[in-house]
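Below is one structure, written out as structure tokens; comments come after it.
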Amino acid sequence: MLDALQPLPPDPILGTTVACRNDPNPLKVDLGVGVYKDDNGTTPIFRSVVRAEQRVLADQTTKAYVSPPGDARFISGITRELFGADHAVVTGGRVGAVQAPGGSGALRLGAGLLLRAESNTQLWVPSPTWGNHIPLMGAAGLDMQQYPYYDKQTHVIEFDAMVETLKQRGPGDVVLLHGCCHNPCGADLTREQWDVIGDLAEERGFTPYVDFAYHGLAEGMDADAYGVRMLADRLPELLVAYSASKNFGLYRERTGLALTITATSEGASTATSQMANIARELYSMPPAHGASIVGEILDDEVLTADWKAEVGQMRERINGLRAMLSEHLRVATDSTDFDYIAGERGMFSFLGLSPEQVTALQHDHSVYPIPSSRVNIAGVTEENVARVAAGIAAVR
């Protein structure tokens with residue numbers, strides 16, 4: 001049977017990583033793969049994670065399955081950090097949640113829940129959006145559509161066009177929003193723009209679905225949660241997919257959480273039972289290790305404070321790298337064309353280069369963005385920034 005299968009082209013991000021790895025130039029720069037890296041090019045393990053993991057391993061007495069809903073301390077801790085312990089949806093028992101294998105697993109659980117609620121659900125995602133949003137949730141069976149979000153040439157959010165599209169949505173439509181640090185463009189909604197989205201959701205009746213993969217890495221834990229908290233304040237229903245990969249550095253542990261806000265506590269219980277049943281169909285039980293670590297951190301005030309300090313250091317470093325790259329590009333290009341990079345947030349931005357220019361940047365300068373010209377800012381260092389800027393200036 002398997003002889004009938006045809007080979008597929010490599011994933012553009014993974015293909016870029018392989019090309020960079022095979023480049024013999026010792027000064028090559030990998031700006032492709034979407035993980036945080038320090039000045040040494042290493043994705044570090046958090047101090048707080050090391051301490052929590054030691055406790056988890058010391059106290060562990062079994063490797064038995066975790067139940068489909070997942071680790072209770074992990075769920076309650078993330079819920080508190082996301083909404084705040086005193087938020088009405090928390091105190092009112094309106095949050096349903098199921099642990100998932102990473103943010104991807106959380107998105108997939110939410111997609112399954114939407115299809116059970118309404119088989120003809122249309123999910124509207126921004127253009128551009130994370131490359132796996134459409135394959136991941138489209139494969140679940142959702143009708144995928146796109147709304148305007150970001151102009152790759154002018155590097156501004158197309159908010160008026162976005163609003164005009166969302167004005168045409170209504171009950172039965174679900175609108176995916178990036179909580180902060182938009183992947184892949186780095187351009188986030190302002191608070192005023194979030195408020196407009198809240199107005200539209202109230203007026204039109206569509207359901208927001210917030211992908212929250214970079215909590216704390218834009219402006220701060222509370223500031224980054226403004227949009228999702230505002231929507232939870234104002235709307236009877238909301239979905240959230242939360243990832244602990246980036247802000248806890250737990251990429252390989254696949255630690256995520258699917259959350260729903262419903263009008264009543266009974267609705268939250270129903271949504272939880274449905275998502276647990278979907279999880280049972282997909283992968284049966286969630287992985288335990290990463291969630292146990294996060295639960296240990298968020299259940300201890302000292303570890304929580306240390307974790308937040310580490311997230312703050314990551315955030316300040318990334319924002320500092322943005323400013324540094326933008327300044328070097330201003331000098332290298334003798335223009336302000338790349339000043340927008342300093343104002344965007346998170347790990348990603350578009351350079352606005354054509355595929356041919358990206359190829360030249362890779363082949364002639366050993367600088368490796370992915371073909372869309374999206375770069376991982378965390379791959380920039382004080383040591384390589386001048387070479388990166390010079391390469392970009394040479395090919396544009």
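The values are calculated or read from the model by the stated rules, or taken from the named source; none is laboratory data. Predicted model only: the values in this text are computed from it and were never measured. A quick note on method: Cβ atoms are made from the backbone with ideal geometry, for glycine too, and the neighbour counts reach across all protein chains shown. Remember, those area values only see protein heavy atoms, side chains included, never the ligands or the DNA or RNA. Shrake-Rupley method; radii C 1.70, N 1.55, O 1.52, S 1.80 Å.
Observations
- Entry remark, segment 197-216: residues being in contact (Cβ under 8 Å) with a residue 40 or more places away in the chain, open to solvent by 10 Å² or more (accessible area, probe 1.4 Å) and part of a loop (DSSP other than H, G, I, E, B) number 2 in total.
- Strands (runs of 3 or more DSSP E) (entirely within segment 119-187) containing at least 1 residues that are open to solvent by 40 Å² or more (accessible area, probe 1.4 Å) and at pLDDT 95 or above: 122-127, 143-148
- Residues that are open to solvent by 20 Å² or more (accessible area, probe 1.4 Å) and either modelled with pLDDT under 95 or part of a loop (DSSP other than H, G, I, E, B) (or both) were ranked within segment 217-236; the one that is farthest from T262 (Cα to Cα) is E219.
- So L239, is it in contact with a Gly (Cβ under 7 Å, 6 or more places away or on another chain) and either crowded, with 23+ Cβ neighbours inside 10 Å or acidic (D, E) (or both): yes
- Selection status of A161, small (G, A, S) and out of contact with any Gly (no Cβ under 9 Å at 6 or more places or on another chain): yes
- Test result for A85, at pLDDT below 95, within 23 Å of R234 (Cα to Cα) and surrounded by fewer than 19 Cβ atoms within 10 Å (Cβ to Cβ): yes
Quick grid of which residues meet (1) within 30 Å of H363 (Cβ to Cβ); (2) in contact with a helix residue (DSSP H, G or I) (Cβ under 7 Å, 6 or more places away or on another chain):
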position	(1), (2)
M1	no, no
A4	no, no
N25	yes, no
D71	no, yes
H87	no, yes
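- The residue that is least open to solvent (accessible area, probe 1.4 Å), among those in segment 102-118 that are hydrophobic (A, V, I, L, M, F, W, C) and without any contact (Cβ under 8 Å) to a residue 60 or more places away in the chain, is A111.
- Counted residues, segment 149-163 - those being without any contact (Cβ under 8 Å) to a residue 12 or more places away in the chain and not polar (S, T, N, Q): 3
For every residue, the table says whether it meets (1) of a type in the set (V, I, T); (2) under 17 Å from A291 (Cβ atoms); (3) part of a helix (DSSP H, G or I).
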{"position": "Q6", "(1), (2), (3)": "no, no, no"}
{"position": "P9", "(1), (2), (3)": "no, no, no"}
{"position": "G15", "(1), (2), (3)": "no, no, yes"}
{"position": "A19", "(1), (2), (3)": "no, no, yes"}
{"position": "S48", "(1), (2), (3)": "no, yes, yes"}
{"position": "R51", "(1), (2), (3)": "no, yes, yes"}
{"position": "L57", "(1), (2), (3)": "no, yes, yes"}
{"position": "K63", "(1), (2), (3)": "no, yes, no"}
{"position": "P68", "(1), (2), (3)": "no, yes, no"}
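- All told, A394 meets the bar of being surrounded by fewer than 17 Cβ atoms within 10 Å (Cβ to Cβ), in contact (Cβ under 8 Å) with a residue 12 or more places away in the chain and either within 17 Å of D38 (Cα to Cα) or aliphatic (A, V, I, L, M) (or both).
- The set of residues in segment 278-335 being open to solvent by 40 Å² or more (accessible area, probe 1.4 Å), of a type outside the set (D, E, K, R) and within 19 Å of D222 (Cα to Cα) consists of V302, A305, A309, Q313.
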